[in-house]
Every structure is written in structure tokens, then in C-alpha cells.
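Have a look at the structure below before the remarks.
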């Protein structure tokens, strides 16, 4: 994976600070992406005729919800392009696009400077947080991001 953060992502704060749900909604508003929370079985991003949508699974909470939000937002930035219609479903398949969306979501939650301490793990003492932290370490080691 050749992973480079665009200036636009850096301007939003990716890899500079830990992003929050509030950041997600601010970015979506700025990018004119409609966000809908619903009882869907999974979260997903899609575009139709140039209109962009992110569907968030309503039952998600905490870190899993924030990760899912940024995962879907990553599809917009990395894979949305100028296609008239496109859809990406979280967790359905592990394609290259899904790995890239996971990577950007991890970077959103764990910027480079977060690797210098264990604060994230202390704030989120669970298995999912440990997996995210390990994934972030791999991104830093393999790609220097």
C-alpha cells in the first residue's frame, strides 16, 4: 500500500491529533456528506449522482462507533472520486480498499504522537483498543505514517 496523507486530510487534523465524533461531523458538514444513523446491519458509505452519504449502524458505541465513522469517511476521501454511484460496506470484505479505509481510521484515532505513550490504551482498556494500537504501530513501522 502506498499510503500518503493528502494536504486536505492534514488540514482537518489527521495524524496531528486524535479525532473525535465531533470532528467527524464537522468534516462531513464541510464536505457536504449526509450522515444517517440507522438500524442497518453494518455501517457503509455510498454516493449517488454526486451526493455522498455515510450510514452509521445505530447500535455501535464508543471507540467502535468512532472507528466505523472514520472508516466510512476514509472511503469518501480515498475511494469516492468522481463516480456517479459507489458503495462501501464496513466489514463485508477485506479488499485493498477496506484495508486502506481501516488504516486511515486508525490514523484518525491514533496520530503518530500517540505512539509515544500508552495514554490511548489507558483511556480504552479493551481488546479492540489494543488491536487498533497494534495496527497503528504497524502502519508507522511499515509505511512511516
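The values are calculated or read from the model by the stated rules, or taken from the named source; none is laboratory data. These figures come from a predicted structure and were not determined experimentally. So basically every Cβ, Gly included, is an ideal-geometry build from the backbone, and we count neighbours across all protein chains shown.
Among the candidates 25, 45, 88, which residue alone is under 25 Å from residue 128 (Cβ atoms), under 16 Å from the mean Cα position of the chain (by Cα) and modelled with pLDDT of 95 or more?
Answer to the check: 25.
Taken as a whole, the structure places residue 60 among residues that are crowded, with 17+ Cβ neighbours inside 10 Å, at pLDDT 95 or above and in a loop (DSSP other than H, G, I, E, B). Taking residue 70, is it at pLDDT 95 or above and either within 16 Å of residue 19 (Cβ to Cβ) or loosely packed, with under 13 Cβ neighbours inside 10 Å (or both)? Criteria met by residue 70. Every listed requirement among (1) at pLDDT 95 or above; (2) over 16 Å from residue 12 (Cβ atoms) is met by residue 96 save one, (1).
Number of residues in segment 1-22 that are touching a residue at least 60 places away in the same chain (Cβ under 8 Å) and in a helix (DSSP H, G or I) equals 2.
Take residue 106 and decide whether it is touching a helix residue (DSSP H, G or I) at 6+ places or on another chain (Cβ under 7 Å), in contact (Cβ under 8 Å) with a residue 24 or more places away in the chain and not in a helix (DSSP H, G or I). For residue 106, the condition - touching a helix residue (DSSP H, G or I) at 6+ places or on another chain (Cβ under 7 Å), in contact (Cβ under 8 Å) with a residue 24 or more places away in the chain and not in a helix (DSSP H, G or I) - is not met. Sub-9 Å Cβ pairs linking a first residue in segment 43-71 that is without any contact (Cβ under 8 Å) to a residue 60 or more places away in the chain and on the phi > 0 side of the Ramachandran plot to a second residue that is surrounded by fewer than 17 Cβ atoms within 10 Å (Cβ to Cβ) and assigned to a strand (DSSP E or B), at least 6 apart or interchain, are 49/85, ordered by first then second residue. Of 47, 43, all but one fail to be crowded, with 16+ Cβ neighbours inside 10 Å, in contact with a strand residue (DSSP E or B) (Cβ under 6 Å, 6 or more places away or on another chain) and under 19 Å from residue 109 (Cα atoms); the exception is 43.
Quick one: how many residues across segment 23-36 are part of a strand (DSSP E or B) and surrounded by 15 or more Cβ atoms within 10 Å (Cβ to Cβ)? Even if it seems obvious, please write down each step before you answer.
Of all residues in segment 23-36, those part of a strand (DSSP E or B) come to 33-36.
Still in the list and also surrounded by 15 or more Cβ atoms within 10 Å (Cβ to Cβ): 33, 35.
Residues meeting the conditions: 2.
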